[in-house]
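J.: Handing you a structure now.
Readers should treat all values here as calculations from the given coordinates under stated rules, not as data from a laboratory. All values reported here derive from a predicted model rather than from experimental measurement. Note: ideal-geometry Cβ built from the backbone for every residue, glycine included; neighbour counts use all protein chains shown.
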Amino acid sequence: MAVAAGWLLLLAPLPSFGPASAAPAAASPSAAAAAASPPAAAAAAPAGASPPATTAATAARAEKGIGPIRFEEIGAKAGARLLHHTRRFSGKHADVLAMFTSGGAAVAVGDYDNDGFDDLFVTDSESGRGNHLLHNNGDMTFTEVTEKAGVAKGNDPGTIVSDALWFDYDNDGREDLLVARFGTPLLYHNEGNGKFRDVTAASGLNKFANTIAVIAFDYDNDGYLDLLFGNYFKPVNLFDLKDPHVLPNNLDQADNGGGVTLWRNMGNGTFVDVTEKAGLGRHTGWTLDVGHGDFNNDGWQDIYLADDYGTDRLFLNNGNGTFREVTEEAIGFDTKKGMNVDVADYDRDGWLDIYVTNITDEYMKECNMLWHNNGVDAAGRLTFTDLSRETGTCSTLWGWAAKWADFDNDGWVDLVAADGLRSAGPKNYIPVLLEMIITPGIDFTDVNSWPDIGDMSWSGFQRKKLFRNLGSQAFKEMAHEAGVDNDLDGRGIGVADFDNDGRLDYVQTNANQPSLLYRNVTSPVGNWIELKLVGTRSNRDAIGARVTAKAGGALLIREVDGGNGYSSQSSKRVHIGLGTAAKIDSLEIRWPSGLREQVTVPINRISYVKEGSGVVEKAEALRPLPPAGPGTEKERGAPSP
Amino acid sequence: MKRTALGTAVAAWSLLALGLGSMAAAAASPFEDGVKALAAGDAQGALRQMEAAVAGEPENVRYVSEYRQAVIKTGSYDRAIDFFEKLVKDHPESANAWLNYGYAYVDKIPAAGAITQVILANNALTRFSRSIEIKPTWLALYTRGNSYLYWPKIFGRAPLGVADLERALAMSKNEPKRVYHVHAYVALGDAYVKTDQPEKARAIWQEGAGAKLFPDEPQLKARLARQGEELESYINDQLDPNKRVDTNLREVWEAR
């Protein structure tokens, strides 16, 4: 039935991607004009030292001359509109299995050719259909180079592409590519000439899993990026079901999912499954997304697992290659449908907070979770408090990816969220599903129990959400005004400054529908810096590096992340909005190796920082290295951040 | 007073209440022992004693209601559901047992996940229906009618709620006025709003707020002070399944 919807989409005119009604379109200056447009507040007085109250923040923005957030959708014009196809199944359970695997519309952002502009990898999921590598031409247009690169494959009759990730696994200075699948993953080595080589067989990444999410981070701080896979179903072949009991055993507290798998990068091109050893083997939830960050400020990357049909999990890194679960004491046990993990210090208190999307619709009022990080108390306990209701970020309907990003450079990270499950015919699947759910003694795990969806819609035609951070624990939803309230079936959001103009743009992927590219045309914006970090002793991508900036009295922290957020990876370049601050008082980088480095960079520029060398020229930063890496495992040891 | 599920003031219950007085004097009943145990922090002992009392008198509104309040306090929802399952097996014609069996599911709802809430709510409805089959009291009709209103509009349960609540309201007009009768006025208006009949809603609330009925009732006043989207939003907020519904039947015996 998903196919039918796809055909309809192809036959019908494409939906409008602009504002929902005839609201005035945002101004759309040319790329050159936009790049030349100076931030309005460059010469203004520094912002106050403490976070202002909500109303004061709003008023201050007007005084500062920062314009309202505005985007224009330029996917088709930019050559970046790609139609995704969900996987069709055959046989008796085709309809239900298609429904349960209707993700796979992913986007990964990364500069694969080191030209200083972030490129795009966009996935498809239908058998025989290829993925797409789009080269960023630097003028807000893209050229498809998939064929030359050799990275189209992945959708075989027995496997489904579900996610993708750029990461430099061998520290040679070139972004390699991992394609996650319901099946075994694919690992492509970047050969440096626009071509990639499939090195999966040699990598050891050969374990079958129904993976739906993947991130790269250095869990043991040994200088090499490891991989954490989030797996949805348990490891069964959905195309050849021997036993139909593969669906969740409880719709609020399921524990028969695929859990996670952690693969340690051995530094020689191979990976070893260390899930059990690391203490993650007991997790058997229906993992939909995984995210990392240093939540307790101890220099080690911790992980948050968002689970569908039940309890999310929080694990802290012990610093010795293992994790300890702190779910109960830190966040408690939830029963929601976790979909997304993104991490940022939204309230500028120096602790990383977490945003998780769930389902909040007319028939299910879960509310998202904005986990405010309370920090570590005197007893050493890390705790979070869900402030989604209080901050106005509770509902993103049927949520998928949600990403933190400072879209107007006012110094406060905003939040953009994709939503919508399945937009098809006028009939609603929910009442049909209800009859199944309330049938006494029904076995939810049995594929045969679930009614076919046919051409029915299910949480479809939902408007996307954009929450502007007003400071002081308040957000204002303004997707319509910003021109991003499309009603497609969103999945991933990849945020990056694609035209290097200091304003963050983003790509939205959609299931069985075309992707969108939103160019940020907010004008004027606040001051900003962007930092491309290059690890030497640390992993080359500097994933896990923390940047701490003090400017205008504000404390601004960012961490380089390796793919946080559902079905998407944002840029690894650090972007910090500064508001009216005309200079940075201090800027420190804490590298995963433990090295702390103070640097000075100009505002409203992209700067390149190499571990141990400070600010360097772009050419030096982006020059590939021989694939020797930062040394042998023994030489590297484990730092003490 | 918050919206609450209340007991009807049928004569039989009045008699029961009289009986309670004499039992309190005796002070050695399992029920009283259970109350004491609960006060002393012995949750398991309290539940055990109260279950013995309820099993002995399944039509005793106070016993059954107080038992469920103890269950809520201790979070022993599944134990209570199991207990009532056995109780209705032993007393299949006890309308009160079936009604409170339904309440036991309602009591668990705030502690459950979103989808389990739906299953619990549906289980409650089937038990309420059985109670109505046995004895269609004001309380049972009000309870089931009110329960339908917690279902999202998309599931089409609100018209069933209208039917039950209209019956309950009509029944109350043939009984001596009781303070808890006001809840049917409130809920029926809500049901009309949920079925897109705002004029009928306003009319029933105005009738309830009449000088001879409940002119000072804050729930009626709050609704009559709102209109349109504000009113809908207010009612939806009141009917949030994540908020605990007060299923304490204390008003039944206090109203006498």
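J.: Taking the number of other C-beta atoms within 10 Å as the exposure measure, put A:H93, A:H245 in order starting with the fewest. Let's see the in-between values first.
T.: Values: A:H93 20, A:H245 15.
Fewest-to-most ranking of A:H93, A:H245: A:H245, A:H93.
J.: If every alpha-carbon in the stretch A:413-493 counts as one equal scatterer, what log10 I(q)/I(0) does Debye give at q = 0.10, 0.24, 0.26 1/Å?
T.: Result of the Debye calculation: -0.39, -1.05, -1.14.
J.: How many angstrom separate the Cα center of the stretch A:493-524 from the Cα center of the stretch A:191-237?
T.: 26 Å
J.: How much length is gained if the chain between A:T184 and A:S127 is pulled fully straight, taking 0.36 nm per residue apart and subtracting their Cα-Cα distance, in nm to one decimal? Don't skip to the end; give the middle numbers.
T.: On the way: separation 57, 0.36 × 57 = 20.52 nm, distance 1.50 nm.
This chain segment gains 19.0 nm when fully extended.
J.: Averaged over A:355-364, how many beta carbons belonging to a partner chain fall within 10 Å of each residue's beta carbon?
T.: Mean inter-chain Cβ contacts per residue within 10 Å come to 3.
J.: If you average the alpha carbon positions of the stretch B:122-197 and of the stretch B:29-93, how far apart do those two centres end up, in angstrom?
T.: The two parts, judged by their Cα centres, are 26 Å apart.
J.: Roughly how many debye, to the nearest 20, is the charge dipole of the protein assembly as shown about its Cα centre, given +1 on each Lys and Arg Cβ, -1 on each Asp and Glu Cβ, and no other charges? Don't jump to the answer; show the numbers that get you there.
T.: On the way: 89 positive and 117 negative charges, 348 e Å.
Charge dipole, the protein assembly as shown, about its Cα centre: 1680 debye, nearest 20.
J.: Sticking with this structure for a sec: Suppose a student asked you for the relative contact order of chain B, using Cα pairs under 8 Å spaced at least 6 residues apart; what percent would you report?
T.: Numbers: 333 pairs, mean separation 60.1, N = 256.
Reported relative contact order: 23 percent.
J.: May I pose another question? Which value in Å does the Kirkwood hydrodynamic radius of the stretch A:455-518 take, with 1/r averaged over all unlike C-alpha pairs and then inverted? The partial results should precede the final answer.
T.: Working: mean 1/r = 0.0753 Å⁻¹.
After inverting the pairwise mean of 1/r, the radius is 13.3 Å.
J.: Per 10 Å bin from zero, what fraction in whole % of the C-alpha pairs of the stretch A:136-294 is there, up to the bin with the longest pair?
T.: In order of increasing distance, the bins hold 10, 37, 33, 16, 4, 0 percent.
J.: If the viscosity is 0.692 mPa s and the temperature 37 °C, what translational diffusion coefficient in µm²/s does Stokes-Einstein give for the stretch A:59-145 when Rh comes from Kirkwood over Cα pairs? Intermediate results must be reported in sequence, preceding the final value.
T.: Values: Rh = 15.9 Å.
Rounded to a whole number, D works out at 207 µm²/s.
J.: Provide, as a two-decimal number, the C-alpha radius of gyration of the stretch A:88-213 over 2.2 N^0.38 Å, N being how many residues it has. Intermediate values should be presented prior to the final figure.
T.: Numbers: Rg = 15.0 Å, N = 126, 2.2 N^0.38 = 13.8 Å.
Dividing the Cα Rg of the stretch A:88-213 by 2.2 N^0.38 Å gives 1.08.
J.: Please compute the average number of Cβ atoms from other chains found within 10 Å of each residue's Cβ in peptide B:122-132. Kindly include the intermediate steps, with their values, before the conclusion.
T.: On the way: counts 5, 2, 0, 1, 2, 0, 0, 0, 0, 0, 0.
Averaged over the peptide's residues, the number is 1.
J.: What average count of beta carbons from other chains do you get within 10 Å of the Cβ of residues in B:108-118?
T.: Taking the mean over all residues of the peptide, I get 6.
J.: Still on this model: Say we join alpha carbon atoms closer than 10 Å with springs in a Gaussian network model of chain B; which of B:A211, B:A43, B:A111 then has the biggest fluctuation?
T.: Looking only at B:A211, B:A43, B:A111, the biggest GNM fluctuation is shown by B:A211.
J.: Can you bin every Cα-Cα distance in the stretch A:286-397 into 10 Å intervals starting at zero and give me the percent of pairs per bin, rounded to whole numbers?
T.: 15, 49, 29, 6, 0
J.: Using a Gaussian network for chain B with springs between C-alpha atoms less than 10 Å apart, which of these wobbles most: B:V186, B:V35, B:V54?
T.: B:V35
J.: log10 I(q)/I(0), Debye, Cα-only the stretch A:214-296, no solvent, q = 0.20 Å⁻¹?
T.: Summing over Cα pairs of the stretch A:214-296 leads to -0.94.
J.: Next up: For the stretch A:479-612, how big is Rg over Rh, using alpha carbon atoms and the Kirkwood form of Rh?
T.: Working: Rg = 16.2 Å, Rh = 16.1 Å.
Using only Cα positions, Rg/Rh for the stretch A:479-612 is 1.01.
J.: So, one more: So what's the Cα pair-distance distribution over the protein assembly as shown, bin width 10 Å, in %?
T.: With a bin width of 10 Å, the distribution comes to 2, 12, 20, 22, 18, 12, 8, 4, 1, 0.
J.: Farthest toward the dipole's positive end in chain B, which of B:A225, B:N123, B:L47, given Cβ charges of +1 (Lys, Arg) and -1 (Asp, Glu) about the Cα centre?
T.: Final value for the positive-end residue is B:A225.
J.: If I take every Cα pair under 8 Å that is 6 or more residues apart in chain A, average their sequence separation and divide by the length, what percent do I get for the relative contact order? All intermediate terms of the calculation are to be shown ahead of the outcome.
T.: Working: 1935 pairs, mean separation 118.9, N = 641.
RCO, chain A: 19 percent.
J.: Hull surface divided by four, with the convex hull built on the Cα atoms of the stretch A:549-607: how many nm²?
T.: Working: hull surface 19.3 nm².
Value for the stretch A:549-607: 4.8 nm².
J.: Here is a follow-up. Based on alpha-carbon centroids, what's the gap between the stretch A:394-446 and the stretch A:536-582 in Å, whole number please?
T.: 28 Å
J.: Here's something else I'd like to know. To the nearest 10 degrees, how steep is helix B:198-208 against the longest Cα principal axis of chain B, on a 0 to 90 scale?
T.: Between the helix axis and the principal axis of chain B, the angle is about 60 degrees.
J.: Arranged by the count of other C-beta atoms within 10 angstrom, fewest first, what order do A:R313, A:R389 take? Walk me through the intermediate numbers first.
T.: Working: A:R313 26, A:R389 13.
The fewest-first ordering by Cβ neighbours comes to A:R389, A:R313.
J.: Whole-Hz ³J(HN,Hα) for each residue in the stretch A:92-99, computed from phi via Karplus 6.51 cos²θ - 1.76 cosθ + 1.60 with θ = phi - 60°, x for glycine and proline: what do you get?
T.: 4, 9, 3, 5, 5, 5, 4, 5
J.: Quick one: Karplus J couplings for the stretch A:83-89, per residue in order, coefficients 6.51, -1.76, 1.60, θ = phi - 60°, nearest Hz, x for Gly and Pro?
T.: 8, 8, 10, 6, 6, 8, 10
J.: Give the long-range amide H neighbours of A:V214: residues separated by 5 or more places, or on another chain, with amide H under 5 Å away, using H modelled in the peptide plane at 1.01 Å from N.
T.: Here A:G230 satisfy the definition.
J.: What net charge do the residues around A:P185 carry, taking every other residue with its C-beta under 14 Å from that of A:P185, with Lys and Arg at +1 and Asp and Glu at -1? Before the final figure, lay out each step's value.
T.: On the way: positive: A:K153, A:R181, A:K207; negative: A:D156, A:D163, A:D176, A:D198, A:D226, A:D273.
Around A:P185, the surrounding residues sum to -3.
J.: What are the semi-axes of the equivalent ellipsoid of the stretch A:355-482, taken as the square roots of 5 times the eigenvalues of the Cα gyration tensor, listed largest first and rounded to whole Å?
T.: 34, 21, 10
J.: Please say if the stretch B:33-122 is rounded, prolate or oblate, where rounded means a/c under 1.5 for a ≥ b ≥ c the square roots of the C-alpha gyration tensor eigenvalues, and otherwise the choice is prolate for a/b larger than b/c and oblate otherwise? Show your work: numbers first, answer last.
T.: Numbers: a/c = 2.30, a/b = 1.18, b/c = 1.95.
Since a/c reaches 1.5 but b/c is at least a/b, the shape of the stretch B:33-122 is classed as oblate.
J.: Suppose each label sits 7 Å from its Cα in the direction of the beta carbon; what would the A:A94-A:E329 distance come out to in nanometres?
T.: A separation of 5.3 nm, rounded to one decimal place.
J.: Using Cα-Cα distances under 8 Å and only pairs 6 or more residues apart, what relative contact order does the stretch A:190-233 have, in percent?
T.: Answer for the stretch A:190-233 is 32 percent.
J.: While we're on this one: May I ask you to sort B:E32, A:E366 by Cβ crowding, counting other Cβ atoms within 10 Å and putting the fewest first?
T.: Going from least to most buried by this count: B:E32, A:E366.
J.: A:D294: net charge of surrounding residues, Cβ under 13 Å, Lys/Arg +1, Asp/Glu -1, itself excluded?
T.: Within the 13 Å Cβ shell, the charges total -4.
J.: Which cross-chain or sequence-distant (5 or more) residues have an amide H under 5 Å from the amide H of A:D505, H modelled 1.01 Å from N in plane?
T.: Residues meeting the criterion, in which the H sits 1.01 Å from N, are A:A496, A:D497, A:F498, A:N520.
J.: Also, quick follow-up: Between A:V599 and A:N448, what is the spin-label point distance in nm, taking each point 7 Å from the Cα along the Cα→C-beta axis?
T.: 6.2 nm
J.: If you don't mind, another one. Place the peptides A:283-291, A:546-554 in order of packing, highest mean first, counting for every residue the other Cβ atoms within 10 Å and averaging per peptide. Before the final figure, lay out the partial values.
T.: Details: A:283-291: 25.9, A:546-554: 20.6.
Highest mean packing first, the order is A:283-291, A:546-554.
J.: While we're here: In a shell of Cβ-Cβ distance under 9 Å around A:E588, excluding A:E588 itself, what net charge do Lys and Arg (+1) and Asp and Glu (-1) give? Walk me through the numbers before you get to the answer.
T.: On the way: positive: A:R546, A:K550, A:R590, A:R596; negative: A:E597.
My count for the surroundings of A:E588 gives +3.
J.: In whole Hz, with x marking every Gly and Pro, tabulate ³J(HN,Hα) for the stretch A:217-234 from phi via Karplus 6.51 cos²θ - 1.76 cosθ + 1.60, θ = phi - 60°.
T.: 7, 9, 5, 10, 6, 9, x, 10, 7, 9, 10, 10, 9, x, 10, 8, 5, 5
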